[in-house]
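**Student:** Submitted below is the structure of interest, expressed as structure tokens.
The values are calculated or read from the model by the stated rules, or taken from the named source; none is laboratory data. No experiment lies behind these values; they were computed from the predicted model shown. Every residue, glycine among them, receives a Cβ derived from its backbone with ideal geometry; neighbour counts consider all protein chains shown. For accessibility, only protein heavy atoms count, side chains too; no ligands or nucleic acids. Shrake-Rupley method; radii C 1.70, N 1.55, O 1.52, S 1.80 Å.
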Amino acid sequence: MATDFITSLVLVIRNFILLIFSPYKTMRKISVEKDYYQLIIIACLVFLYFKFIYFLRDQPYPATLIFIIFIFNFFLTVFFFYFLSKITDKKVEWKSFVFTFSYSLFPTLIWFLSTSFLYIVLPPPRTFTLLGKAFSIFFIVYSLSLLIWKLILEYLAVRFSSKQSFFRIVYMIILYLIWFLPYSILLYQLKLFRIPFI
């Protein structure tokens, strides 16, 4: 069991690196993955982040509750795309969506972790000096880069798991945003997530 876990950990690290340099081929392989230890490792990384942020800032809710809500949101997203794909293609598999969407969490996790560390190193308010403006530009470029990577992984996750055409995938994503954006605002109003962790 320990050997299997270590092997899965190595695979997670390898897939993470390959998703940076070769997201298309890597996500295709992930879509047919069957090693559930990898999912546990990714879930543990997310849980550790929530624990970390709980002690870093004053949070109205415990980290475990936030993690449970995240898991609910995650499977809500998976079910949404799985259900729409199942309507047109009966051969799509649930686990394929779970694996691909799990790996698409890496850009989100990196961004949240980096902003948390910056909160420690450079806590607000930040100055409007030349150095401060340069840092702001760097952070915007950095955030946009992660966002583009995130969008690529999300598209590939739906693409390889649903086996749908480009336009149908875009249509599915639009339908998803129609209900998810108001839902995100509700979570914000409840002070559960400032930015949806998904």
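**Student:** How much length, in nm to one decimal, is gained on full extension between L181 and L65, taken as 0.36 nm per residue of separation minus their Cα-Cα distance?
**Tutor:** Numbers: separation 116, 0.36 × 116 = 41.76 nm, distance 2.12 nm.
Here the segment from L181 to L65 would lengthen by 39.6 nm.
**Student:** Next question, about the same structure. Number of Lys-Lys pairs in the chain under 12 Å by Cα, sequence gap 8 or more or different chains?
**Tutor:** Pairs that pass both the separation and distance tests number 4.
**Student:** May I pose another question? Would you mind computing, in nm to one decimal, how far apart the modelled labels at E93 and M1 are, each placed 7 Å from Cα along Cα→Cβ?
**Tutor:** So the two model labels end up 2.5 nm from each other.
**Student:** With everything on Cα atoms, drop me the angle between helix 63-88 and the longest principal axis of the chain, reported from 0 to 90° to the nearest 10.
**Tutor:** 40
**Student:** Quickly rank 65-72, 133-140 as a protection proxy: mean count of other C-beta atoms within 10 Å, highest first. Numbers along the way, then the final one.
**Tutor:** Details: 65-72: 16.1, 133-140: 11.8.
My ranking of the peptides, most packed first, is 65-72, 133-140.
**Student:** Only Cα pairs under 8 Å and at least 6 apart count here; give the relative contact order of the chain as a rounded whole percent.
**Tutor:** 28
**Student:** Something else: In the full protein assembly as shown, how much of D4 is accessible to a 1.4 Å probe, in Å² to the nearest 10?
**Tutor:** D4 has an accessible surface of roughly 80 Å² with all protein chains in place.
**Student:** Let a ≥ b ≥ c be the square roots of the eigenvalues of the Cα gyration tensor of the chain; is it rounded (a/c under 1.5), or, if not, prolate (a/b larger than b/c) or oblate?
**Tutor:** Working: a/c = 1.56, a/b = 1.44, b/c = 1.09.
It comes out prolate by the Cα gyration axes.
**Student:** Before anything else, pin down the relative contact order of region 76-179: Cα pairs under 8 Å, at least 6 apart, normalised by residue count, whole percent. Write down the numbers at each step before the final one.
**Tutor:** On the way: 58 pairs, mean separation 44.9, N = 104.
Relative contact order here is 43 percent.
**Student:** Solvent-accessible area of E33, probe 1.4 Å, all protein chains present, reported in Å² to the nearest ten, please.
**Tutor:** Per-residue accessible area (E33): approximately 40 Å².
**Student:** Quick check on packing: order 176-184, 42-50 by the mean number of other C-beta atoms within 10 Å, highest mean leading.
**Tutor:** Numbers: 176-184: 13.0, 42-50: 16.9.
Sorting 176-184, 42-50 by mean packing, highest first, produces 42-50, 176-184.
**Student:** Here is a further query. Between I152 and I173, how many nm apart are label points set 7 Å from Cα along the C-beta direction?
**Tutor:** Simple spin-label model gives 1.3 nm for this pair.
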